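Laboratory data are not the source of any read-out in this text; all were calculated from the coordinates shown. Since the model is a prediction, treat every value here as computed from it, not as a measurement. Backbone-built Cβ (ideal geometry, glycine too); neighbour counts: all protein chains shown.
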Amino acid sequence: MDNSLDLPYITAAIPGVGGKIRATIDNFIVEEIPLYQPDGYGQHLYVNLTKRGLTTHEVQLGLARLFSLRVDDVGFAGLKDKYACATQTFSILVGKVDYSFVDQAVAQIRRHLPVTVNWARLHRNKLRPGHLLGNRFTVLITELDLPPDGALHRARSIVERLRGNGIPNFFGPQRFGLDGENVKKGFEIIKGSTCNADRWLRRFLISSYQSYLCNLYLARRLQLGLFERILAGDIAKKYATGGLFEVLDASREQARYESHEISFTAPIYGRKMWTASGPAGKLEKAILEEAGLTMKQFDAAGMRGSRRLGRLLLPDLTVTADPQGLLVSFSLPKGAFATTVLRELMKVELSLSGSSSISL
């Protein structure tokens with residue numbers, strides 16, 4: 001396998017508008033969609049803030065130092081990009097405090113950290129990765145390849161197609177490192193040809209390779225004309241509840257797929273992954289065999305595996321004219337990447353250099 005990171009477009013028949021994103025940080029806005037709201041009491045102070053030019057970990061470290069806590073005492077639901085205007089919530093383990101402490105804490109944060117505090121409220125549990133529904137994006141595309149009216153017309157044609165059929169849930173390029181270095185290193189670890197003593201880095205690199213194989217599966221499904229079909233043996237997911245089930249009768253489930261009730265899922269290879277059967281299982285097995293790997297090797301590497309939602313729905317995707325270009329707005333579930341949507345509109349491969357967007 002050549003480890004190519006190139007991906008097909010679902011709207012390949014419609015040219016893109018070109019352009020660039022992130023001319024300034026405020027051209028890329030992301031806002032967390034919470035899983036739940038703090039209830040006003042407890043030992044964790046939830047602070048919703050807006051950051052610019054800072055990573056999530058940098059804010060986490062700053063809050064820990066400010067309140068003399070361990071870094072692990074500050075929680076968050078997902079990573080947000082450094083090169084974005086990002087609004088997210090952190091939890092701070094403050095213990096038993098009265099309501100006057102909340103105002104004092106907010107004042108301290110505003111005084112010592114370069115962030116905007118939107119609100120603060122107590123809650124009973126720590127925020128942990130995954131404690132969110134998704135993220136809402138507003139992105140300005142500048143330096144378009146064609147005049148504004150033509151760009152808007154073309155973009156709306158793409159939007160109509162994406163809203164009707166959805167889009168493959170590809171992992172974004174930032175997952176793979178510069179020139180795919182994370183993918184190459186992850187493959188070497190799984191094959192046993194190299195060893196990394198740092199446990200966290202080892203798992204991260206293997207996870208990058210798992211993500212790469214997932215992208216290959218989604219790309220192959222699209223190229224074979226199977227993205228708009230549910231297959232016998234698919235492990236399908238219900239959008240409303242998140243429940244998984246095996247597809248036994250593809251013709252019966254196709255109507256539910258077309259009505260956006262369910263989606264197929266893609267493999268995140270590992271020992272605990274629910275393996276597809278039938279035609280769907282044959283496809284995901286072929287991807288693994290072409291990579292020259294076996295499930296036993298993922299087991300030996302200690303990777304559990306899982307299933308990933310295969311199709312993203314974009315019911316609120318909109319594009320409007322802006323004096324500087326095109327303004328694109330949409331929401332994505334947790335784990336999905338904004339670059340997956342933007343590349344379809346722009347037909348430009350968005351690299352790590354100022355164009356990445358992490359969304360967990």
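Each label point was placed 7 Å from the Cα along the Cα-to-Cβ direction; for Ala23 and Glu143 their separation is 1.0 nm.
Model label points for Trp119 and Leu244, set 7 angstrom from Cα along the Cα-to-Cβ axis, are 3.5 nm apart.
This structure gives semi-axes √(5λ) of the Cα gyration tensor in Å, computed directly, and of (1) 29, 27, 19; (2) 34, 27, 21; (3) 74, 28, 18 that value is listed as (2). Here the calculated FRET efficiency for Thr55 and Ser251, from their Cβ-Cβ distance with R0 = 51 Å, stands at 0.60, rounded to the nearest 0.05. Classified by the C-alpha gyration tensor, the range 133-282 has an oblate form. Its axis ratio a/c, with a ≥ b ≥ c, is 1.5 or above, and a/b does not exceed b/c. Full extension of the chain segment joining Arg110 with Leu35 gains 24.4 nm, where the gain is 0.36 nm per residue of separation less the Cα-Cα distance. Taking a ≥ b ≥ c as the square roots of the eigenvalues of the Cα gyration tensor, the range 36-129 is classed as prolate, since a/c reaches at least 1.5 and a/b is larger than b/c. Label-to-label distance for Arg65 and Ala12 is 5.0 nm, based on points extended 7 Å past Cα in the beta-carbon direction.
Between Leu201 and Arg156, full extension at 0.36 nm per residue minus the direct alpha carbon distance yields a gain of 12.1 nm. Every helix of 4 or more DSSP H residues in the chain counts as -39500 (n - 2.57), and over all residues that averages to -10500 deg cm²/dmol at 222 nm. Legend: ranking of residues Thr56, Thr340 from fewest to most surrounding C-beta atoms inside 10 Å; resulting order Thr56, Thr340. Rounded to the nearest 20 debye, the dipole size of the chain about its Cα centre is 900 debye, using +1 on the Cβ of Lys and Arg and -1 on the Cβ of Asp and Glu.
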